[in-house]
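All of the numbers you see were taken from the coordinates with simple rules; none came from a lab. Note that the structure is predicted; figures quoted are calculated from it, not measured. Here the Cβ is made from the backbone with ideal geometry for all residues, glycine too, and neighbour counts use every protein chain on show.
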Amino acid sequence: MPRRAANLQTTEKGALDSRAEVLLAALIKEHLVTGEAVGSRVLSDRFAHGYGWSPATIRNVMAELEDAGFVEQPHTSAGRVPTDKGYRYYVDNILGEARLSRTDLKAIDHLFSMHDIDADTSPDRLMETASHVLSALSQNVENRSDMLGVLEAQFFLQTVNKKRLPTMLPVNAHFNASGFGMRIDPITGQQAMHEGIDFIADTGAPVVAAAGGIVQFAGYHPQYGHVVDIDHGNDLITRYAHLSRMLVEEGAIVNRGRKIGETGSSGRSTGPHLHFEVRFKGAPQNPARFLLSNGQAVAARGR
C-alpha cells in the first residue's frame, strides 16, 4: 500500500525543518559507524528522553524522509539507509553553514591531501591534522566552530567515498591465478586480454561485495556464467563471475562485505574460481590497484 505524500516542512530555501535534519544526521552517522540499516527503535532510544519525541513521531518523520528520497529501505531489512540525496543534503548543509569561500575550501582539500588522512586514521592523528588545518586557515574563518563544521564534512565525505571503492577482497583467497592484462587464453591457447583477476577457490566459497552499492545485474551470461554486477556510483562497477550460486537480485542494495554468492565454474571456465573485474565508465581497470590500496595481499601467479 503506498504511503501518503511527503509532508516534510521546508524553509524558503528548500531546507528541511530542524527535526528532520536532526534525524537525518543521526541516521547517517549511525549507518557510517555500523554499516547496517538503521531502525526507528535505535533513533527512538536516543531521542525519546533528550528531545521528548515519541516513537510514533520518529517513525512518521523517517517515513516522510523516505518519501522525499533522503533515505531508503533495503529489501532485506526493516531499517533505512541514507541515499545519495540524503548524503549530499547533509554535507551541503554543513558546508553552507560554514560560509567559506571556494579558495578556502580548496585550501582545506590541499591540506588534507598533504596530511594523508583517510577513514582508518587514528583519533590522535585526526586531532593533530585538525589542529594544523585550523591554525592555517583561522584568519579566513569567522570562528573556530565554523571550521570544525567543515572538518566534519571532509572526514564524512572521505568515509563515504572509501566505502564505495572496491578495496575489500571479494573472496578469502590470498592470490590470483591470472593477472590483469594480456595473457595466453587457457581455452584457445591464443593471446587475449584478461579484463580482471582470478581467485582460485573451492566451489561454494563465499563471495562478498568489495564495496557497497546496488546490484545492476544478477543472471547468467554465456562467457561469465552466473554473474553479479554491482554499481557503486560515479561510473564504477564490479563484476563477480563463474558463480555456483547467486544470493542477490537486481536492484538489491548491498553493503560492503555482504555475501552475494558462492564460487563455482559456470560459463566459460576451466575450474572453480572467482573472476573479479572493476570497470570505470565501462573500461576494465586492474582490480589489484584497488585491493592493494587497502593493504590486501594479492600476489599474481601465472598458470
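What spacing in nm lies between the two simple spin-label points modelled at E249 and N172, each 7 Å away from Cα in the Cβ direction?
Going by the 7 Å Cα→Cβ label model, 2.9 nm.
Given a Förster distance of 22 angstrom, what is the FRET efficiency for A192 paired with Y220, based on the Cβ-Cβ distance and rounded to 0.05?
0.50
Work out how much length K259 to R46 would gain on full extension: take 0.36 nm times their residue separation and subtract the Cα-Cα distance, in nm to one decimal.
Length gained, K259 through R46: 73.6 nm.
D235 to A56: FRET efficiency via 1/(1 + (r/R0)^6), r the Cβ-Cβ distance, R0 51 Å, to the nearest 0.05?
According to the calculation, E is roughly 0.80.
Treating only the Cβ atoms of Lys and Arg (+1) and Asp and Glu (-1) as charged, compute the dipole magnitude of region 175-300 about its Cα centre; round to the nearest 20 debye.
The dipole of region 175-300 has a size of about 180 debye.
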